[in-house]
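Comments concern the structure below.
The values are calculated or read from the model by the stated rules, or taken from the named source; none is laboratory data. These numbers were taken from a predicted model, which means no experiment stands behind them. Note that we place each Cβ from the backbone using ideal geometry, even for glycine, and neighbour counts take in every protein chain shown. In case anyone asks, the SASA skips ligands and DNA or RNA and just uses the protein heavy atoms, side chains included. Shrake-Rupley method; radii C 1.70, N 1.55, O 1.52, S 1.80 Å.
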Amino acid sequence: MSRRHQIVMSDAEVADLLAASRTVTCATIGHSGRPHLMPLWYVVRDGELWAWTYAKSQKVRNLERDPRCTLQVETGAEYGELRGVMLACDAVIHRDLDAVAPLGAAIARRYGGGDLTPEAEAALRVQAAKRVGLQFVERRRASWDHRKLEGTY
């Protein structure tokens, strides 16, 4: 008998996990058809994950060819602590500097822990010229929280 329904996380639980986590693993489809997995830092905007990366990166080349990707955020060391979410998404690539630079600043604030100096903002804008923004549009979701099993497997 499947106990899958017992470990599904609510939307609020998923939002809390995404807010607390720092790295998402992004799987794209490589030119050979094999998965290509890479970690990304991200921000959540209106319930969607957004990241930035170098425009010439392999993941961007893969997404240009096929926008389908799968994201995973997970945590826990022991089986009874495991929780995570897998998001089947379509990626939208944003190239406009005026969209990419603020995204980079938002990521820097999230991971740097605060406000940015004008000099840091200017440096990020220079970096943004070489980068793209990735908007991940969720199509399907699977989540799990083994803590809900309360030690019974």
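Do you know which residues across region 82-127 are β-branched (V, I, T) and farther than 23 Å from T25 by Cα?
If the condition is that a residue be β-branched (V, I, T) and farther than 23 Å from T25 by Cα, then T117, V126 are the ones that fit.
Could you tell me how many of the residues in region 1-26 are more than 10 Å from the chain's Cα centre (by Cα) and either surrounded by 17 or more Cβ atoms within 10 Å (Cβ to Cβ) or of a type in the set (V, I, T) (or both)? Let's see the steps before the verdict.
Just the residues of region 1-26 that are more than 10 Å from the chain's Cα centre (by Cα), to begin with: 1-17, 19-20.
With either surrounded by 17 or more Cβ atoms within 10 Å (Cβ to Cβ) or of a type in the set (V, I, T) (or both) added as a condition, the list becomes 7-9, 14, 17.
So the count comes out to 5.
Would you pick out the residues in region 4-46 that are hydroxyl-bearing (S, T, Y) and either in a strand (DSSP E or B) or farther than 26 Å from A101 by Cβ (or both)?
Listed by number, the residues that qualify are S10, T25, T28, S32.
Checking the condition touching a residue at least 24 places away in the same chain (Cβ under 8 Å), part of a helix (DSSP H, G or I), out of contact with any His (no Cβ under 7 Å at 6 or more places or on another chain) and surrounded by 15 or more Cβ atoms within 10 Å (Cβ to Cβ), which residue from L49, L63 passes? Write out each step before concluding.
Details: L49 fails: part of a helix (DSSP H, G or I).
Just a single option satisfies the conditions, and that option is L63.
Cβ contacts < 9 Å: first residue under 19 Å from G80 (Cβ atoms), restricted to region 5-28; second residue of a type in the set (A, V, I, L, M) and in a helix (DSSP H, G or I), any location; separation 6+ or different chain. Result?
Q6/L149; I7/L149; M9/L17
Scan region 128-150 for residues that are of a type outside the set (A, V, I, L, M) and touching a helix residue (DSSP H, G or I) at 6+ places or on another chain (Cβ under 6 Å) and report the count.
Going through region 128-150 one residue at a time, the tally reaches 7.
Just one of the numbered conditions (1) without any contact (Cβ under 8 Å) to a residue 12 or more places away in the chain; (2) open to solvent by less than 60 Å² (accessible area, probe 1.4 Å); (3) among the basic types (K, R) is not true of R34; which one?
Here R34 meets the rest and fails (2).
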